[in-house]
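**Q** Handing you a structure now.
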Amino acid sequence: MKCLKINDKWLKLILEGKKTLEIRKTHCHVTERIALGNTKTKKVEGYAMVTSSQELSINWLRKLGHKHQANDFLEHYANGKSSLFAWEFGGVTVEPNPYPYSFSTGCWCKASLGVLRCGASCLDCTSEMRRIRGHACRFEELNHSYNEMRQLRSQSSVGVKTSK
């Protein structure tokens with residue numbers, strides 16, 4: 001799952017429902033559900049859908065200040081550009097047990113296994129993982145199951161190892 005890294009201040013506003021637009025310099029091409037990562041804690045703290053991505057003038061963005069909470073520094077962020085992109089979030093949910101995301105430069109990174117925990121039918125628990133250790137929706141258990149699954153696959157595909 002893709003993870004959008006967001007400053008702590010802005011992420012808290014998004015998760016509280018006070019900020020529904022994220023202002024960025026580029027268009028968002030992502031159409032699936034994403035994880036929302038906190039750049040301060042380096043953890044996934046929520047999820048959302050980017051429902052739209054529109055290029056808007058700075059003047060128009062000022063009028064929408066109640067949706068993005070960033071009017072104070074729009075011109076500075078735009079750095080001379082006459083427009084920026086507004087990414088609209090929908091379906092925002094809070095992750096009850098924040099977990100680390102993978103490190104990368106830029107605004108996007110990857111959220112680790114287990115990001116869609118649901119208790120009964122985790123989308124990341126494949127039938128093969130269930131056979132290995134039973135249903136595991138918690139990140140640590142799922143990651144452990146995944147590592148076991150990879151190990152079993154490598155042993156069965158390579159065959160018996162001989163020592164030299």
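**Q** Which residue, L84, L13, T105, has the largest displacement toward the positive end of the dipole of the range 2-112 when charges sit on each Cβ (Lys, Arg +1; Asp, Glu -1)?
**A** T105
**Q** Right, another one. Please label the shape of the range 2-112 as rounded, prolate or oblate, based on the square roots a ≥ b ≥ c of the eigenvalues of the alpha-carbon gyration tensor (a/c under 1.5 means rounded; beyond that, a/b larger than b/c means prolate, else oblate).
**A** Verdict is prolate for the range 2-112.
Values in this text are rule-based calculations from the coordinates and carry no lab data. This is a predicted model, so every value here is computed, not measured. Methodologically, a virtual Cβ is constructed for each residue, glycine included, from the backbone with ideal geometry; neighbour enumeration extends over all protein chains shown.
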